[in-house]
Amino acid sequence: MTATQQRILIIEDEASLRQALVTKLTAEGYLVDEASDGQEGLDKILQSPPDLILLDQLMPKMDGQTMLNKMNGSNLKKKPFVIIISNVDDHSTIDASKQQGAFDYLIKSNMTLESIVQLIKHRLPPTNLTV
């Protein structure tokens, strides 16, 4: 019997970073989906909530803060872990994101793919092992 893989949704408008995250997290054993803007991400969350969301703050159509507010106002049966990844490095934005339920807030210039993977593993251990 194989346990269900943890699902991650990456909502990031920068295609190269999004693809690097998809590749790395898929190799780590997660099921990964992606969205290139906040509206597409919100639609995917409402359709089938993932276990964890990597969310950019500044995106077209809907920014990360607005998306978090709309997600929190929905009737989701399970609330995903949210990790913000952003170039916005001000305390009011970070505080507002955490008040809206983000578990972590990473500044893009200070992060590596490995640091993101370690943080995700801390929040969401892979479960794709055969039992």
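The values are calculated or read from the model by the stated rules, or taken from the named source; none is laboratory data. Everything numeric in this text was worked out from a predicted model, so none of it was measured. Neighbour counts run over all protein chains shown; Cβ positions are idealised from the backbone, glycine included. These accessible areas exclude ligands, DNA and RNA; they are computed on the full protein's heavy atoms, side chains included. Shrake-Rupley method; radii C 1.70, N 1.55, O 1.52, S 1.80 Å.
Take the chain with all the other protein chains still there, run a 1.4 Å probe, and you get 52 Å² of accessible area per residue. Relative protection proxy for 22-29, 58-65, 69-76, from highest mean packing down: 58-65, 22-29, 69-76 (other beta-carbon atoms within 10 angstrom).
The angle separating the long axis of helix 113-123 from the principal Cα axis of greatest extent in the chain is about 80 degrees.
State the percentage of accessible surface on the range 15-131 attributable to carbon and sulfur atoms; use a 1.4 Å probe and exclude ligands, DNA and RNA. Write out the running numbers ahead of the final one.
On the way: 3170 of 6050 Å².
In the range 15-131, the share of accessible area belonging to carbon and sulfur is 52 percent.
Measuring r between the beta carbons of Lys24 and Asn75 and using R0 = 41 Å, the FRET efficiency lands at 0.80.
Which value, to two decimals, describes the C-alpha radius of gyration of the range 11-69 once divided by 2.2 N^0.38 Å?
Numbers: Rg = 11.0 Å, N = 59, 2.2 N^0.38 = 10.4 Å.
My calculation over the Cα atoms of the range 11-69 gives 1.06.
Set against the 2.2 N^0.38 Å expectation for a compact globular protein, the chain has a Cα radius of gyration ratio of 0.99.
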